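Asks: Questions regarding the structure given below will be posed in turn.
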Amino acid sequence: MVETSYKLGSETLPKTIIEPFRIKTVERLPQTTRDEREQYLQEAKYNPFKLRGRHITIDLLTDSGTGAMSAAQWAAMMTGDETYAGSESFFELESTVQELTGVQYVIPTHQGRSAEHILFSITSSGDSCVLANTHFDTTRANVEYFGGTAIDLVIEEALDPTSQHPFKGNIDLEKLEEHLQRLGDKVALVLMTITNNSGGGQPVSLENLRAASELAHRYGKPFILDAARFAENAWLIKQREPGQSSRSAREIAKAFFLLSDGFTMSSKKDGLVNIGGLLGLNDPELAEKARSLLILTEGLPTYGGLAGRDLAALAVGLEEVLDEAYLEYRIASIQYFHQLLNQHGIPLMHPAGGHAVYIDAQAFYPHIPPHEYPGLALANELYLEGGVRAVEIGTLMFGRPSPEGPDIPAPLELVRLTFPRRTYTQSHVEYIAEIMVQLFEKRDHVKGYRITKQSNILRAFTAELEPIFTKTGSLLS
Ligand code: F0G
């Protein structure tokens with residue numbers, strides 16, 4: 001898949017990195033015509049979130065809960081223990097997570113955001129702050145829900161799509177120290193999102209994690225990981241960080257978990273399951289408080305909003321995700337897609353990250369201003385041209401409406417093509433690249449959109465839009 005001829009002992013391995021699995025169960029992909037897609041998109045009010053699954057050929061909206069489970073995971077589903085309190089599947093999961101992360105208290109939740117909700121409800125208050133590289137949207141929303149302030153301190157290179165910095169998820173250590181000093185008691189905790197999803201799926205280096213943990217602890221603050229994509233981050237450390245190539249992804253992951261006081265995890269990503277989350281804590285008092293809240297909102301501490309079979313599948317998924325043949329294929333397939341697009345001059349977020357390729361939609365459509373949503377225009381063209389769904393991460397998602405005029409724009413206009421795990425093959429990747437190249441050739445003629453209906457919070461998921469036409473009904477030229 002990628003040109004990386006390499007040696008294993010004395011043996012030279014082939015250049016092609018293959019999907020390290022064979023397919024036992026298949027699902028037919030929906031096929032639609034261009035006319036049908038035009039109708040579906042119009043019915044969806046030009047918002048891809050409102051499309052129906054059966055009208056989408058390749059769905060790159062998210063890598064969350066959309067991957068394929070292995071035969072071993074399906075087998076574990078069958079033998080999962082549905083005992084209401086004290087399920088054996090919980091104890092298996094608990095020991096897997098303790099072994100993997102070194103954490104003491106393992107609290108299952110139904111997904112990542114419920115772990116966040118519980119964590120911030122016991123650590124955040126009216127005037128507290130959380131310092132992070134970048135908060136994911138649900139993380140920020142949960143901090144703010146409890147009256148706190150979520151502060152992002154990612155390094156400056158992260159905001160430059162062309163920067164080739166290998167660890168664009170790193171936190172700016174000087175800014176972190178300055179905030180710790182200035183905000184003192186107001187700081188509830190330091191949080192590192194690995195990989196940094198909102199910043200392009202970019203990894204955080206072990207060196208940066210070590211330094212951030214040391215700073216947090218020097219100021220007496222808990223150091224917490226948002227570990228949704230911990231295995232991808234570990235693999236990118238192995239590939240990119242000097243001195244780490246001979247360690248296994250598992251050793252690297254253990255090393256960064258040991259720097260932390262706990263973590264939240266959406267298991268729908270690197271847990272390789274369709275539903276699930278985890279809260280890991282070392283502090284017995286915090287864990288006690290978290291468990292009390294868990295009983296109120298999720299369920300008993302030995303199931304936390306999940307069925308026994310979900311816990312069982314997650315225990316297997318957390319082992320499988322650290323299989324290096326899997327991680328090599330996973331990251332190589334993202335790099336391969338990134339390379340295909342880059343060869344054709346398509347403007348991208350560089351370098352390739354963990355779970356997705358991000359297109360710089362503003363550079364793709366420089367003639368569409370942020371308040372006419374160049375990212376949405378590209379996502380919609382991608383659907384119309386090839387039945388592929390992607391997600392806008394720009395002004396529609398993160399901009400703010402302004403009563404005086406156009407929206408206050410987001411810092412970047414991106415489109416995320418997110419790859420579900422173990423789901424699509426190399427030919428799917430090549431098909432999507434072909435469509436993107438066709439769109440790039442026709443880029444001058446594409447128009448923007450205007451919002452016809454929106455809600456006050458998280459508008460991107462429900463907004464209704466229309467293409468910008470002239471009064472005569474033709475597209476503006
Ligand atoms: N943290 C990160 C870094 C995430 O990417 C997500 C979800 C969450 C927390 C919340 O987890 O969905 O299980 O409640 N990200 C998905 C995405 C939705 O598409 O990037 P959840």
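Asks: So what J values fall out for the stretch 24-40 if you push phi through Karplus, 6.51 cos²θ - 1.76 cosθ + 1.60 with θ = phi - 60°, rounded to Hz, Gly and Pro as x?
Replies: With coefficients 6.51, -1.76 and 1.60, one gets 9, 10, 10, 10, 5, 7, x, 10, 9, 9, 4, 4, 5, 5, 4, 5, 4 Hz.
Asks: Moving on to the next point. Of the options TYR424, ILE155, ILE368, report the single residue whose Cα projects farthest towards the positive end of the charge dipole of the chain (beta-carbon charges: Lys, Arg +1; Asp, Glu -1).
Replies: So the residue furthest toward the plus end is ILE368.
Asks: Set the Förster radius R0 to 41 Å, insert the Cβ-Cβ distance between LYS442 and THR297 as r into 1/(1 + (r/R0)^6), and round the FRET efficiency to 0.05.
Replies: Here the calculated transfer efficiency is 0.25.
Asks: Do you know the relative contact order of the stretch 68-143, to the nearest whole percent, from alpha carbon pairs under 8 angstrom that are 6+ apart?
Replies: 19 percent
Asks: I'd like the orientation of helix 88-101 relative to the chain: the angle between its Cα long axis and the longest Cα principal axis, in ° from 0 to 90, rounded to 10.
Replies: It works out to around 80 degrees.
Asks: Where the only charges are on Cβ atoms (+1 Lys, Arg; -1 Asp, Glu), what is the dipole of the chain about its Cα centre, to the nearest 20 debye?
Replies: Charge dipole, the chain, about its Cα centre: 740 debye, nearest 20.
Asks: On the accessible surface of the chain, probed at 1.4 Å, how many percent belong to carbon and sulfur atoms?
Replies: 52 percent
Asks: Determine the alpha carbon to alpha carbon distance for each of LYS269/LYS442; LYS269/LYS453; LYS168/LYS254; LYS238/LYS268 and list only those over 28 Å.
Replies: LYS269/LYS442; LYS269/LYS453, as the Cα separations exceed 28 Å there.
Asks: Under a 1.4 Å probe, what is the accessible area of the chain per residue, stated in Å²?
Replies: Solvent-accessible surface per residue comes out at 43 Å².
Asks: Sticking with this structure for a sec: Using only Cα atoms, locate the centre of the stretch 168-206 and the centre of the stretch 128-151, then give the distance between them in Å, rounded to an integer.
Replies: 12 Å
Asks: Angle between the Cα long axis of helix 308-320 and the longest principal axis of the chain, 0 to 90 degrees, nearest 10?
Replies: Roughly 80 degrees between the two axes.
Asks: Using a 1.4 angstrom probe on the protein heavy atoms only, line up ASP81, ASP185 by accessible area, largest first.
Replies: Order by accessible area, largest first: ASP185, ASP81.
Asks: Give a residue-ordered list of calculated ³J(HN,Hα) values for the stretch 344-359 (Karplus: 6.51 cos²θ - 1.76 cosθ + 1.60, θ = phi - 60°; whole Hz; x for Gly, Pro).
Replies: 9, x, 6, x, 10, 7, 10, x, 4, x, x, 10, 7, 10, 10, 9
Asks: Mean separation of Cα pairs under 8 Å and 6+ residues apart, divided by the residue count of the chain: what relative contact order is that in percent? Intermediate results must be reported in sequence, preceding the final value.
Replies: Values: 983 pairs, mean separation 100.5, N = 477.
The normalised contact order for the chain reaches 21 percent.
Asks: Give the long-range amide H neighbours of ILE58: residues separated by 5 or more places, or on another chain, with amide H under 5 Å away, using H modelled in the peptide plane at 1.01 Å from N.
Replies: Correct list: VAL388, ARG389.
Asks: Which percentage, to the nearest 5, of the DSSP beta bridges contained in the chain is antiparallel?
Replies: Bridges in the chain are about 65 percent antiparallel.
Asks: Then there's this: Sketch the reach of a paramagnetic label on SER402 as a point 7 Å from Cα along Cα-to-Cβ, and name the residues of the stretch 373-391 whose backbone nitrogen lies under 19 Å away.
Replies: From the stretch 373-391, the list is 373-375.
Asks: How large is the charge dipole for the stretch 34-168, taken about the Cα centre, if only the Cβ atoms of Lys, Arg (+1) and Asp, Glu (-1) carry charge, to the nearest 20 debye?
Replies: 460 debye
Asks: For the chain, what does the helix formula give at 222 nm: sum of -39500 (n - 2.57) over DSSP H segments with n ≥ 4, over the residue count, nearest 500 deg cm²/dmol?
Replies: Helix-only estimate at 222 nm: -11500 deg cm²/dmol.
Asks: Another question, if that's okay. Can you pull out the chymotrypsin sites (Phe, Trp or Tyr not before Pro) in the stretch 58-134 whose DSSP state is coil and whose Cβ has at most 12 other Cβ atoms within 10 Å? Don't skip to the answer; put the middle values down first.
Replies: Numbers: sites: TRP74, TYR84, PHE90, PHE91, TYR105, PHE120; in loops: TYR84.
Here the sparse-neighbourhood loop sites are TYR84.
Asks: Taking amide hydrogens as modeled 1.01 Å from N in the peptide plane, which residues meet the under 5 Å criterion relative to THR423, leaving out close sequence neighbours?
Replies: When sequence neighbours closer than 5 places are left aside, the close amide H contacts are ALA68.
Asks: Below 8 Å between Cα atoms, with a sequence gap of 6+, how large is the relative contact order for the stretch 71-320 in percent?
Replies: The normalised contact order for the stretch 71-320 reaches 31 percent.
Asks: To the nearest 10 degrees, how steeply does helix 324-343 sit against the main Cα axis of the chain, on a 0 to 90 scale?
Replies: Taking the Cα atoms of the chain, the angle to 324-343 is about 30 degrees.
Asks: Right, here's the next one. Which shape class, rounded, prolate or oblate, goes with the stretch 71-320 when its Cα gyration tensor gives a ≥ b ≥ c as root eigenvalues, a/c under 1.5 marks rounded, and past that a/b bigger than b/c marks prolate?
Replies: Note, shape of the stretch 71-320 comes out oblate.
Asks: So how compact is the stretch 315-450: Cα radius of gyration and Dmax in angstrom?
Replies: In order Rg, Dmax, the Cα atoms of the stretch 315-450 give 16.2, 54 Å.
Asks: Could you list the square roots of 5 times each eigenvalue of the Cα gyration tensor of the chain, that is, the equivalent ellipsoid semi-axes, sorted largest first and rounded to whole Å? Provide the component values of the computation, followed by the final result.
Replies: Details: eigenvalues 239, 148, 109 Å².
Over the Cα atoms of the chain, the ellipsoid semi-axes are 35, 27, 23 Å.
Asks: Taking Cα centroids, how far is the stretch 226-261 from the stretch 35-85 in Å?
Replies: 29 Å
Asks: Picking from ILE194, HIS165, LEU272, whose Cα lies most toward the positive end of the charge dipole for the stretch 71-320 (charges on Cβ: Lys, Arg +1; Asp, Glu -1)?
Replies: It is HIS165, whose Cα lies furthest towards the positive end.
Asks: While we're on this one: Across the stretch 119-131, in residue order, what do the Karplus-derived ³J(HN,Hα) couplings come to in whole Hz, using 6.51 cos²θ - 1.76 cosθ + 1.60 with θ = phi - 60° and x for Gly and Pro?
Replies: With the stated coefficients, the stretch 119-131 comes to 4, 6, 6, 9, 10, 10, 8, x, 10, 8, 10, 10, 9 Hz.
Asks: Check ARG450: other-chain or 5+ apart residues with amide H under 5 Å from its amide H, H built from backbone geometry?
Replies: GLU466, ILE468
The values are calculated or read from the model by the stated rules, or taken from the named source; none is laboratory data. Please read these numbers as outputs of a predicted model, since none were measured by experiment. All Cβ positions, glycine included, derive from the backbone under ideal geometry; neighbour counts span all protein chains shown. For the accessible areas, the whole protein counts, side chains as well, though only heavy atoms, and no ligand, DNA or RNA atoms are used. Shrake-Rupley method; radii C 1.70, N 1.55, O 1.52, S 1.80 Å.
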